[in-house]
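For reference, the structure is listed below as structure tokens.
The values are calculated or read from the model by the stated rules, or taken from the named source; none is laboratory data. Worth saying up front: this structure is predicted, and the values here are computed from it rather than measured. When we count neighbours, we look across all protein chains shown, and the Cβ atoms used for this are built from the backbone with ideal geometry, even at glycine.
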């Protein structure tokens, strides 16, 4: 499949970064690999003040690629990075493609999603993500995050079908629509994509999932990294719902229900013990077993991780899943009850 120079000159590929020295070169190399028309695509790295070698690496790559540029993002956030890029897009650019520094892209990715956007005539094209890990915790995390009990069945997490959706992993934007809607809401450090998609639908535009343009995503390699990431995801989702008055879907409500049940079980157990009812009526203990049931489910996931990955480190899937569920729920509680939407989180 070949692409026209006319299409390439309309495309503006944006890569937000913040301390991505371990990923940025591989990411850019994958994005620039393929059709000769990629030499006419405008690539820009929008850096949020990295204090590692990210900027140094990009500056070196600029010497090899005249179509690569670098912007400084003083606000640091990804939402601000995309808005800044949209403001600074070359005049001939009509399509903006968002690229993640933690991802490895198939050949001609930016041209494929841009071509699909023009073909469909929609506001945005989104794509599925296939998580991959190099070893240990990251590999187990990658295995579990794409399972229904990890992502909750999100269409863009390993999804196989193309079609219109209400949300997905952002790829190509019609720049005129993006500007018309005011771009991303910079009050959101996370979940800015879902918040934008809500406004896209409210404005009567459509979002298309292109399952043929898949990307490989490298998830966080540590428990602490997953915890912080999903805490922010939960907080952002709650702020999104508050802003638009929407309600959580079942897959989003389950982690919250699970957390409430476990906390409630602990409180009930303490109350039964203090009043002596547990000794008098031992059968009441069944109502305090939510944490035990959840722990058993995590152990089962860990065992399945070992079996699937054929290595003991697969048990880390249990820890990754526990971090996803519980940090997301706690983040949601904070975002919904303690973070005003109009203020920076």
Quick one: in segment 78-105, which of the residues that are more than 30 Å from residue 138 (Cα to Cα) and in a helix (DSSP H, G or I) is farthest from the chain's Cα centre (by Cα)? 87
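When you look at residue 260, is it buried (at least 16 other Cβ atoms within 10 Å of the Cβ) and either in contact with a strand residue (DSSP E or B) (Cβ under 8 Å, 6 or more places away or on another chain) or outside any strand (DSSP E or B) (or both), yes or no?
Details: buried (at least 16 other Cβ atoms within 10 Å of the Cβ): no; either in contact with a strand residue (DSSP E or B) (Cβ under 8 Å, 6 or more places away or on another chain) or outside any strand (DSSP E or B) (or both): yes.
Taking the combined requirement at face value, the residue does not satisfy it.
Among the strands (runs of 3 or more DSSP E) lying completely within segment 135-233, list those that include at least 1 residues that are out of contact with any helix residue (DSSP H, G or I) (no Cβ under 7 Å at 6 or more places or on another chain), more than 21 Å from residue 102 (Cα to Cα) and in contact (Cβ under 8 Å) with a residue 24 or more places away in the chain.
Values: elements: 163-165, 169-174, 207-209, 215-217.
Qualifying strands (runs of 3 or more DSSP E): 163-165.
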Going through segment 245-254 in order, the residues found to be exposed (fewer than 14 other Cβ atoms within 10 Å of the Cβ) and not in a loop (DSSP other than H, G, I, E, B) are 250, 251
What tally of residues in segment 326-345 results from selecting those that are at pLDDT below 95 and surrounded by fewer than 22 Cβ atoms within 10 Å (Cβ to Cβ)? 12
Keeping to segment 263-284, report how many residues are surrounded by fewer than 16 Cβ atoms within 10 Å (Cβ to Cβ) and touching a residue at least 12 places away in the same chain (Cβ under 8 Å). 3
Would you tally the residues in segment 103-129 being out of contact with any strand residue (DSSP E or B) (no Cβ under 6 Å at 6 or more places or on another chain) and surrounded by fewer than 24 Cβ atoms within 10 Å (Cβ to Cβ)? 7
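Does residue 36 count as surrounded by fewer than 16 Cβ atoms within 10 Å (Cβ to Cβ), free of Cβ contacts under 8 Å to residues at least 24 places away in the same chain and under 26 Å from residue 205 (Cβ atoms)? Quick ask: steps written out before the conclusion?
Details: surrounded by fewer than 16 Cβ atoms within 10 Å (Cβ to Cβ): yes; free of Cβ contacts under 8 Å to residues at least 24 places away in the same chain: yes; under 26 Å from residue 205 (Cβ atoms): no.
No; evaluated as a whole, the condition is false for this residue.
Have a look at 146, 166, 185, 193 and point out the one that is in the same structural domain as residue 26 (by TED's automatic domain parsing) and either surrounded by 23 or more Cβ atoms within 10 Å (Cβ to Cβ) or under 19 Å from residue 45 (Cα atoms) (or both).
Details: 146 fails: either surrounded by 23 or more Cβ atoms within 10 Å (Cβ to Cβ) or under 19 Å from residue 45 (Cα atoms) (or both); 166 fails: either surrounded by 23 or more Cβ atoms within 10 Å (Cβ to Cβ) or under 19 Å from residue 45 (Cα atoms) (or both); 185 fails: either surrounded by 23 or more Cβ atoms within 10 Å (Cβ to Cβ) or under 19 Å from residue 45 (Cα atoms) (or both).
Being in the same structural domain as residue 26 (by TED's automatic domain parsing) and either surrounded by 23 or more Cβ atoms within 10 Å (Cβ to Cβ) or under 19 Å from residue 45 (Cα atoms) (or both) holds for just one of 146, 166, 185, 193, which is 193.
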For segment 247-276, what are the residues that are at pLDDT 85 or above and more than 21 Å from residue 293 (Cβ to Cβ)? 274, 275
Residue ID - modelled with the lowest pLDDT, chosen from residues in segment 212-244 that are closer than 18 Å to residue 125 by Cα and surrounded by fewer than 18 Cβ atoms within 10 Å (Cβ to Cβ): 216
Filtered residue count, segment 293-315, keeping only those that are in a loop (DSSP other than H, G, I, E, B) and touching a helix residue (DSSP H, G or I) at 6+ places or on another chain (Cβ under 7 Å): 0
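Any residue in segment 63-77 that is in the same structural domain as residue 189 (by TED's automatic domain parsing), assigned to a helix (DSSP H, G or I) and without any contact (Cβ under 8 Å) to a residue 24 or more places away in the chain? Break it down stepwise before answering.
The initial filter retains those residues of segment 63-77 that are in the same structural domain as residue 189 (by TED's automatic domain parsing), namely 63-77.
When the remaining residues are screened for being assigned to a helix (DSSP H, G or I), the result is 63-64.
Subsequent filtering for residues that are without any contact (Cβ under 8 Å) to a residue 24 or more places away in the chain retains 63-64.
For segment 63-77, residues in the same structural domain as residue 189 (by TED's automatic domain parsing), assigned to a helix (DSSP H, G or I) and without any contact (Cβ under 8 Å) to a residue 24 or more places away in the chain: present.
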Could you list all residues from segment 95-117 that are modelled with pLDDT of 95 or more and farther than 14 Å from residue 213 by Cα? 95, 96
